[in-house]
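Remarks on the structure that follows.
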């Protein structure tokens, strides 16, 4: 079990962010494609009551072609200036069987999203450039994961982002916001 501290930086230009990351000395860790399947009870009670989600993630490493699977339960602990999660995660061998087991336990698959992730690391700061399928989040963003709240300010300053571009919204919230904007426009 671990804790994660993270924020999203919205309104990014992917190539510009990659250029900045290389410029500050961040190391490219991996490029991958993900399939993220999110489960909850039919009434949405896990997300609502525990402020979290249950996920099976399929990860394909784009440099090696290797595929692995992770099972995660993630809960928001704090949402005060930085999103703090409690995360329980383990590798699994059989994604399909695990999915069937969750259905047998009364959960249902709420969403399946596809994402390209490009990960950079600078010391103890992780920078993930995420591009989801259009139906999940229709624009790329940068997720910054740090070990302490003190590291966040430095992580944001290093890439020249502004406070107004920082978001604590979940994927579900970003998706709902994009859908509302689409209906208005």
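Being exposed (fewer than 14 other Cβ atoms within 10 Å of the Cβ) and either closer than 24 Å to residue 166 by Cα or touching a helix residue (DSSP H, G or I) at 6+ places or on another chain (Cβ under 9 Å) (or both) is the filter here, so list the residues in segment 33-51 that pass it.
Listed by number, the list holds a single entry, 48.
Which is crowded, with 16+ Cβ neighbours inside 10 Å and not in a strand (DSSP E or B), of 54, 59, 73, 12?
12
Out of 99, 113, report the one residue that is closer than 20 Å to residue 34 by Cα and over 12 Å from the mean Cα position of the chain (by Cα).
Only one candidate qualifies: 99.
Pairs only if they're at least six apart or on different chains, beta carbon under 8 angstrom, first in segment 153-180 and without any contact (Cβ under 8 Å) to a residue 40 or more places away in the chain and at negative phi, second in a helix (DSSP H, G or I) and surrounded by 15 or more Cβ atoms within 10 Å (Cβ to Cβ); list them, first residue then second.
163/156
Can you find a residue in segment 17-28 that is in a strand (DSSP E or B), at pLDDT 95 or above and more than 16 Å from residue 103 (Cα to Cα)?
Yes, segment 17-28 contains at least one residue that is in a strand (DSSP E or B), at pLDDT 95 or above and more than 16 Å from residue 103 (Cα to Cα).
One line per residue, one yes/no per condition, for (1) farther than 17 Å from residue 116 by Cβ; (2) touching a helix residue (DSSP H, G or I) at 6+ places or on another chain (Cβ under 9 Å):
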residue: 131; (1), (2): no, yes
residue: 138; (1), (2): no, yes
residue: 143; (1), (2): no, no
residue: 147; (1), (2): yes, no
residue: 152; (1), (2): yes, no
residue: 158; (1), (2): yes, yes
residue: 168; (1), (2): yes, no
residue: 173; (1), (2): yes, no
residue: 181; (1), (2): yes, no
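Can you name every residue in segment 108-127 that is assigned to a loop (DSSP other than H, G, I, E, B) and either touching a helix residue (DSSP H, G or I) at 6+ places or on another chain (Cβ under 7 Å) or surrounded by 17 or more Cβ atoms within 10 Å (Cβ to Cβ) (or both)?
Hit for segment 108-127 is 124, nothing else.
Identify all residues within segment 78-93 that are part of a strand (DSSP E or B), surrounded by fewer than 16 Cβ atoms within 10 Å (Cβ to Cβ) and modelled with pLDDT under 90; write none if there are none.
Result: 78, 79.
Name the residues in segment 86-104 that are farther than 24 Å from residue 31 by Cβ and in contact with a strand residue (DSSP E or B) (Cβ under 9 Å, 6 or more places away or on another chain), would you?
86, 88, 94, 98, 99, 102, 103
Can you pull out every residue in segment 57-81 that is under 22 Å from residue 118 (Cβ atoms) and in contact with a strand residue (DSSP E or B) (Cβ under 6 Å, 6 or more places away or on another chain)?
If the condition is that a residue be under 22 Å from residue 118 (Cβ atoms) and in contact with a strand residue (DSSP E or B) (Cβ under 6 Å, 6 or more places away or on another chain), then 57, 58, 59, 60, 61, 62, 67, 68, 69, 70, 72, 74 are the ones that fit.
List every residue pair whose Cβ atoms lie under 6 Å apart, where the two residues are 6 or more positions apart in sequence or sit on different chains, the first residue falls within segment 10-39 and is under 28 Å from residue 109 (Cα atoms), and the second residue, located anywhere, is in a helix (DSSP H, G or I) and modelled with pLDDT of 95 or more.
Pairs found: 39/102.
For segment 151-169, give me each residue that is in a loop (DSSP other than H, G, I, E, B), at pLDDT 85 or above and out of contact with any strand residue (DSSP E or B) (no Cβ under 8 Å at 6 or more places or on another chain).
Once the filter is applied, which keeps residues that are in a loop (DSSP other than H, G, I, E, B), at pLDDT 85 or above and out of contact with any strand residue (DSSP E or B) (no Cβ under 8 Å at 6 or more places or on another chain), segment 151-169 yields only 160.
The values are calculated or read from the model by the stated rules, or taken from the named source; none is laboratory data. All of these numbers come straight from a predicted model, not from anything done at the bench. When we count neighbours, we look across all protein chains shown, and the Cβ atoms used for this are built from the backbone with ideal geometry, even at glycine.
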